[in-house]
Structures are given as structure tokens and as C-alpha cells.
Amino acid sequence: MENNNPIGLFDSGVGGTSIWKEIHDLLPNEDTIYLADSKNAPYGQKSKEEIIELSIKNTEFLLNLNCKIIVVACNTATTNAIKELRAKYDIPFIGIEPAIKPAALNSQSHTIGILATKGTLNSELFHQTAEKFHDTKIIEQIGYGLVALIENGHINSPEMDKLLRQYLEPMIAANIDYLVLGCSHYPYLIPQIKKILPPEIKIIDSGEAVARQTKNVLLEKVGLHSGNHTVKTVFYTNSDAKVLQEILGNKYPVRVKDF
């Protein structure tokens, strides 16, 4: 089965590029369109209704560009809006959830930490997942301020280090052996996080699992690109393109468009 239309991805900003990279690595022949709704970042502090509204707006943008599948590359949008998106549109949606399952199943201390947005941790979907692992103590921490610092290009800043220490040190004291990153922005913080965590604490994010699921759905329901073409990769943002451009290593063009 062949389908030469692009894969669409959206996030509240630049963080979902961590998901895009995993998908691009696994499916290098696929065209991709990435939408960074940085003007409205972060989603984590917004109401469920606002998140659904923004997710619909982003979906419409990608559908108008003929995307064959949409990856909701944002934990907050997935946990609050993917059910509504799937009910409204006749196109496959791939979501991104915190990787609680592998952390809980592999934890030796039966204590894991999760760093995520308020929107994700307060969502019904997160609570349903967490309740399945009642033998594991899950220490939840809202990452207040982290997305805003990343969106403003302050990844390697003293403010970031201070916040991360404030959030992670109580988890270390509680004897976690896995830290789950529950926001697609947070993989960009792994180098700083590793400086704070003891080396035996493992860090898990959802990127690889999302890429594998995207490939499976394309194979089973949608179709892969036929190949033998110049791969097109387009990034859109409705805010300053500087941070997105830096994260992409100036390798791909970023189009600024109000949407």
C-alpha cells in the first residue's frame, strides 16, 4: 500500500521536534510537516476546552496540507484532546503519553518519578494509566516554567538548572530508579538532568515508541511513501523562528505563518 501524502505533527512549540526526529530516523522516506504553535505555548496551564480548541485548529491546518496521518507530538494535547480529535476526524491520530508502563514494570525500587505538565498530570487519561500500576509509587512533579524557558532558548541557563534541581532532588531522596519525561519538550533537558541524577537512575521518554506506532499504523491502514524522491520536510511556527531554527541546527527551513 502506497500513500505519498505527508505525515503531519503538531505541538505547543518546539518540543515535539524530539518526536519528529525519532519518526524521521525510522521513516526517512516520508515527507513531514511540523507545526509549532509557540504563540500559545505552554499548553500545560490551559483548560481542557482551550487545549481541545487549539488541537482542532492545528489539525485543520495540517489537513489542509493533505496530511495522511497526524501525530499529536504533545503530551498535554494527547491526554486532553485526542479522544475528541479521533471522534471528529476520519484520519488516524498517533498520541504521546508518558512512558509509565515500562518504568513501572522495570523498577526495582517500586518508585518512579514523572516530570510533566499540569495539563498532563491532571488529565483523565494519565490517571487511568497510573492506576494500573498500584504496586508502584509514582512521584508526580509539574515542571512549572520549563517549557517557557525552552521556548525562549534558555535550555542551558542557571534558571533551568535551579528549577530542575528543585523538581528532581525530592525524587532522588524518595529513591526513584526511573524518571519518566512526560512532555515532548523535556528530552532537550536530558544533558542537564543527567548532571543532577545519580547515574543508576534511568531516564525514559516516549519518542521511540511513538515512531514505531506511527510506522505500524502507516503499514496497516494508511500506506508508506513509494520512495525515490527528494524528501520534503517543512516546519511552521506562528512565533519567532529563532529557537526552532537553532534546535533544528539550521538544517531545515522554518516558515513563519499566523494560524
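Can you name the residue in the range 1-22 that is assigned to a loop (DSSP other than H, G, I, E, B) and more than 17 Å from V71 (Cβ to Cβ) and is also most open to solvent (accessible area, probe 1.4 Å) among such residues?
Across the range 1-22, the extreme among qualifying residues is M1.
Restricting attention to the range 150-186, report how many residues are part of a helix (DSSP H, G or I) and touching a strand residue (DSSP E or B) at 6+ places or on another chain (Cβ under 7 Å).
In the first step, residues of the range 150-186 are kept if they are part of a helix (DSSP H, G or I); the result is 150-151, 158-173, 186.
Now drop any that are not touching a strand residue (DSSP E or B) at 6+ places or on another chain (Cβ under 7 Å), which leaves 167, 171, 186.
Total meeting the criteria: 3.
Which condition from (1) at positive phi; (2) open to solvent by less than 50 Å² (accessible area, probe 1.4 Å); (3) modelled with pLDDT under 95 is the one that G223 breaks?
(3)
So, in the range 180-209, how many residues would count as being of a type in the set (A, V, I, L, M, F, W, C), within 17 Å of the chain's Cα centre (by Cα) and open to solvent by 10 Å² or more (accessible area, probe 1.4 Å)?
Final tally of qualifying residues: 5.
Among residues belonging to the range 124-179 that are open to solvent by 30 Å² or more (accessible area, probe 1.4 Å) and of a type in the set (S, T, N, Q), point out the one that is farthest from I114 (Cα to Cα).
Within the range 124-179, the match that is farthest from I114 (Cα to Cα) is N152.
For the range 105-122, what are the residues that are open to solvent by 10 Å² or more (accessible area, probe 1.4 Å) and under 17 Å from K132 (Cβ atoms)?
L105, N106, H110, T111
Could you pull out every one of the helices (runs of 4 or more DSSP H) wholly within the range 37-125 that has 1 or more residues that are touching a helix residue (DSSP H, G or I) at 6+ places or on another chain (Cβ under 9 Å), modelled with pLDDT under 95 and among the hydroxyl-bearing types (S, T, Y)? Spell out the reasoning first.
Values: elements: 48-63, 75-88, 100-106, 118-121.
Filter on the range 37-125 gives 75-88, 118-121.
Does the range 131-139 contain any residue that is in a strand (DSSP E or B) and in contact with a Lys or Arg (Cβ under 6 Å, 6 or more places away or on another chain)?
Step one: list which residues in the range 131-139 are in a strand (DSSP E or B), which gives 137-139.
Now restrict to residues that are in contact with a Lys or Arg (Cβ under 6 Å, 6 or more places away or on another chain): none.
Checked the range 131-139: no residue is in a strand (DSSP E or B) and in contact with a Lys or Arg (Cβ under 6 Å, 6 or more places away or on another chain).
Condition first: assigned to a strand (DSSP E or B) and closer than 24 Å to F93 by Cβ. Now tell me which residues in the range 202-253 satisfy that. Talk me through it step by step, then tell me what you get.
Our first condition is that a residue be assigned to a strand (DSSP E or B); within the range 202-253, this holds for 202-204, 224, 233-237.
Correct list: I204, L224, T233, V234, F235, Y236, T237.
If you take the residues in the range 23-59 that are among the acidic types (D, E) and closer than 16 Å to Y252 by Cβ, which one is most open to solvent (accessible area, probe 1.4 Å)? Step through it out loud before you land on a result.
Initially, the range 23-59 is screened for residues among the acidic types (D, E), giving 25, 30-31, 37, 49-50, 53.
Next, from what is left, pick out any that are closer than 16 Å to Y252 by Cβ: 25, 30-31.
Numbers: D25: 114, E30: 6, D31: 16 Å².
If we take residues in the range 23-59 being among the acidic types (D, E) and closer than 16 Å to Y252 by Cβ, then D25 is most open to solvent (accessible area, probe 1.4 Å).
The values are calculated or read from the model by the stated rules, or taken from the named source; none is laboratory data. On a predicted model such as this, the values are computed, not experimentally measured, just so you know. Don't worry about glycine lacking a Cβ; one is built from the backbone with ideal geometry, like all the others, and counts go over all protein chains shown. Side chains included, ligands, DNA and RNA excluded: accessible areas come from the protein's heavy atoms. Shrake-Rupley method; radii C 1.70, N 1.55, O 1.52, S 1.80 Å.
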